[in-house]
Amino acid sequence: MNETARFQKLFEDLFDGQPWLEVTIAGTLRGLNAQQAAQKPNADWNSIWEITNHLIDWRENVLERVKGEILTTPNDNYFRALTDTSDEAWLQTLARLESSQKNWLRFLEQLKPEDLENEYPPNRMSYADHIHGILQHDAYHLGQIVMLAKHALKQNHI
């Protein structure tokens, strides 16, 4: 298995497969409704929904970087307050997440292994480092989402 195929498997496993850590992004979010996703157990914390939007925006950012686009990270680091917490808006967020997954897999299918050594000029990190980074980012935020989801589901059963 070459490195691009390995990256593809890591994306698939973490998103909705069989990862070593036994939880997935889609599997965790699938069991939540809009109200649960928008909950904030603490006013200083981000909600599951805000974290999901942040995750999607960073996935899109890094994908554009490894396609050769030079981007500036916004000052809010893609953490933005929700403006619509309807069921429909939550379903749209989940659809955006699914779309980001499909876009990554399509990109990785076409990426040549030798292109992993290409550098992103602003930070001089290789494309491979960016891909490792976004996978680590997804796993980090998945941990937060899992903890918040456990809290949200517990609140609904009390």
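Key figures for this structure:
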item: Any chance K102 is open to solvent by 50 Å² or more (accessible area, probe 1.4 Å), at pLDDT 95 or above and farther than 18 Å from M125 by Cα; result: yes
item: Number of positions in segment 1-35 that are open to solvent by less than 30 Å² (accessible area, probe 1.4 Å) and either out of contact with any Pro (no Cβ under 9 Å at 6 or more places or on another chain) or outside any helix (DSSP H, G or I) (or both); result: 13
item: Looking only at segment 140-150, and only at residues there that are under 12 Å from the mean Cα position of the chain (by Cα) and open to solvent by less than 40 Å² (accessible area, probe 1.4 Å), the one that is nearest to I48 (Cα to Cα); result: I145
item: Residue in segment 86-101 that is closer than 20 Å to I25 by Cα and among the β-branched types (V, I, T) present; result: yes
item: Of the criteria (1) under 17 Å from D13 (Cα atoms); (2) assigned to a loop (DSSP other than H, G, I, E, B), which one L82 fails; result: (1)
item: Subset of segment 59-107 (residues that are within 30 Å of E3 (Cβ to Cβ) and of a type in the set (S, T, N, Q)); result: N61, T72, T73, N77, S99, S100, Q101, N103
item: Segment 40-71, subset among the aromatic types (F, W, Y) and not in a loop (DSSP other than H, G, I, E, B), residue surrounded by the fewest Cβ atoms within 10 Å (Cβ to Cβ); result: W58
item: Per-region count, segment 89-105, residues within 17 Å of V66 (Cα to Cα) and hydrophobic (A, V, I, L, M, F, W, C); result: 2
item: Count - residues of segment 106-118 that are assigned to a helix (DSSP H, G or I) and surrounded by 15 or more Cβ atoms within 10 Å (Cβ to Cβ); result: 3
item: Qualifying residue in segment 72-80 (condition: surrounded by fewer than 19 Cβ atoms within 10 Å (Cβ to Cβ) and at pLDDT below 95); result: yes
item: Per-region count, segment 119-158, residues over 20 Å from L14 (Cβ atoms), aliphatic (A, V, I, L, M) and part of a helix (DSSP H, G or I); result: 2
item: Filter pass, S86 being over 19 Å from G133 (Cα atoms), surrounded by 15 or more Cβ atoms within 10 Å (Cβ to Cβ) and of a type in the set (S, T, Y); result: no
item: Filter pass, P121 being more than 13 Å from H54 (Cα to Cα), at pLDDT 95 or above and either touching a Lys or Arg at 6+ places or on another chain (Cβ under 9 Å) or exposed (fewer than 12 other Cβ atoms within 10 Å of the Cβ) (or both); result: yes
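The values are calculated or read from the model by the stated rules, or taken from the named source; none is laboratory data. Since the structure is predicted, the reported quantities are computational estimates derived from the model, not experimental observations. For neighbour counting, all protein chains shown are included, and Cβ atoms are generated from backbone atoms with ideal geometry for every residue, glycine included. With ligands, DNA and RNA removed, areas are computed over all heavy atoms of the protein, side chains included. Shrake-Rupley method; radii C 1.70, N 1.55, O 1.52, S 1.80 Å.
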